[in-house]
1. Being at pLDDT 90 or above and either assigned to a helix (DSSP H, G or I) or away from DNA strand D (no atom under 16 Å from the Cβ) (or both) is true for just one of B:V70, B:V53, B:V100. Which residue is that?
2. So, A:A134, is that one within 29 Å of A:A97 (Cα to Cα) and hydrophobic (A, V, I, L, M, F, W, C) or not?
3. Assess whether A:I112 counts as being surrounded by 15 or more Cβ atoms within 10 Å (Cβ to Cβ), part of a helix (DSSP H, G or I), within 14 Å of chain B (Cβ to nearest Cβ) and more than 16 Å from DNA strand D (Cβ to nearest atom).
4. Pick from region B:1-31 the residues that are surrounded by fewer than 17 Cβ atoms within 10 Å (Cβ to Cβ) and among the charged types (D, E, K, R): which of them is nearest to DNA strand D (Cβ to nearest atom)?
5. Checking B:V169 against (1) assigned to a helix (DSSP H, G or I); (2) facing chain A (nearest Cβ under 7 Å), only one condition comes out false. Which one?
6. Restricting attention to region B:47-68, and to residues there that are within 15 Å of DNA strand C (Cβ to nearest atom) and crowded, with 20+ Cβ neighbours inside 10 Å, which single residue is farthest from the other protein chains (Cβ to nearest Cβ)?
7. What are the pairs, 6+ residues apart or on separate chains, where a residue within region B:124-136 that is closer than 16 Å to B:T85 by Cβ has its Cβ under 8 Å from a residue that is part of a loop (DSSP other than H, G, I, E, B)?
8. Can you pull out every residue in region B:129-163 that is part of a helix (DSSP H, G or I) and either surrounded by fewer than 17 Cβ atoms within 10 Å (Cβ to Cβ) or away from chain A (no Cβ under 11 Å) (or both)?
There are 2 protein chains.
Amino acid sequence: MGRDTRTRILDTALALFAARGVEAVTVTELEEGAGLSPGSGSFYRHFASKQDVLAAAVAREIDRAEARRVPTAGTSDLGSEYRATLDALDDLRPLLALLVREGGRLPEVERIRGVLAEGGARIDAARLRDLMEAGTIPERDAEGVATAVMMALVGFHLAERFFGGPVGVDRDRLVATLASMVGT
Amino acid sequence: MGRDTRTRILDTALALFAARGVEAVTVTELEEGAGLSPGSGSFYRHFASKQDVLAAAVAREIDRAEARRVPTAGTSDLGSEYRATLDALDDLRPLLALLVREGGRLPEVERIRGVLAEGGARIDAARLRDLMEAGTIPERDAEGVATAVMMALVGFHLAERFFGGPVGVDRDRLVATLASMVGT
DNA sequence: GTCTATAACCAGATAGAC
DNA sequence: GTCTATCTGGTTATAGAC
């Protein structure tokens with residue numbers, strides 16, 4: 001808790017905005033979450049408005065996601081690659097939640113889409129095409145396979161994290177099955 | 001526009017709630033959308049509160065979805081089945097949007113989950129197991145395949161409808177590729 | 001059933017003491 | 001930098017005439 005107040009406000013804002021949506025969260029709650037007196041305007045010594053703290057929280061999270069991004073070049077097997085993509089989606093969860101909840105009303109939507117596409121949900125069609133040409137996996141519409149796998153991973157993540165209920169099989173079986181469907 | 005006022009309020013509420021979230025929509029907007037004088041309390045002659053109209057709109061939409069549901073027994077080929085599932089998801093879009101945006105704060109969340117699972121996103125593992133035993137498609141973890149296909153369709157639908165941007169290949173290619181991945 | 005008018009409340013935001 | 005106190009505006013909800 002030694003972080004400064006501005007950071008604590010940003011942490012609180014990201015968590016609450018992602019969990020309940022921007023409109024549903026009051027400045028008073030942000031103050032309370034940051035250890036300030038609720039209802040005091042102390043929030044406004046750090047941010048000009050609720051929109052301002054939203055923009056700052058999104059920008060900080062994008063920067064963090066871009067910094068953390070690991071190349072994960074296609075060296076490992078497909079199953080490990082898909083597992084890594086699911087992990088990346090976990091890491092991007094707050095941004096994904098904000099994007100799902102707020103849609104186009106978010107600041108910097110395009111940068112968010114870029115981070116999600118590049119860092120998280122990228123299943124490379126070119127890599128698949130190489131494997132197909134080498135005869136390692138069956139010949140199919142490579143872009144189609146890449147999209148299908150990508151959407152299966154994103155859908156699974158969203159179902160697990162947002163819809164709450166059981167979504168069929170667990171991560172291990174999903175990843176293994178996807179690799180099998182691509183590979184044979 | 002010959003529908004009665006209550007119905008017009010419900011229509012407006014479902015559309016606006018799904019598009020922008022419940023908190024972001026004011027009773028005044030609901031009145032305006034239903035052709036009532038904005039800011040007049042006329043809304044309250046039909047519903048007791050905003051939560052009340054939300055509950056009624058959700059209930060009506062669940063009923064509609066359950067009534068419209070067609071058995072779609074596994075008579076056709078896999079591609080047609082997946083296409084039909086995408087169409088069913090389109091039909092359930094308002095409920096899906098509400099579930100994504102509001103999560104557990106929605107009334108009757110369990111019934112909504114049930115409708116989505118039964119009517120929209122059901123890829124039957126038992127059907128796949130039959131096809132595997134008959135040798136029509138390769139032997140694999142049937143539940144795993146069912147989950148993977150289901151999540152790919154849900155993810156594709158969400159990406160298309162919520163994230164806005166291009167999501168890879170179009171519906172025809174996605175459906176065809178999925179059928180190919182399951183079938184060979 | 002709809003309107004005008006308004007009450008009651010709460011959230012966003014500001015002023016000024018400490 | 002945080003507090004108490006307050007302003008302002010918008011939102012829910014009600015009262016009563018038509």
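1. Sole residue among the options that is at pLDDT 90 or above and either assigned to a helix (DSSP H, G or I) or away from DNA strand D (no atom under 16 Å from the Cβ) (or both): B:V53.
2. In short, no.
3. Answer is yes for this residue.
4. In this case the residue turns out to be B:E29.
5. (1)
6. Going through the qualifying residues, I end up with B:F47.
7. Here the result reads B:D124/B:G74; B:R127/B:G74; B:L128/B:I137, each pair linking region B:124-136 to a residue that is part of a loop (DSSP other than H, G, I, E, B).
8. B:R129, B:D130, B:L131, B:M132, B:E133, B:R161
The values are calculated or read from the model by the stated rules, or taken from the named source; none is laboratory data. Just so we're clear, the structure is a prediction, and the values are computed from it rather than from any experiment. Note that we place each Cβ from the backbone using ideal geometry, even for glycine, and neighbour counts take in every protein chain shown.
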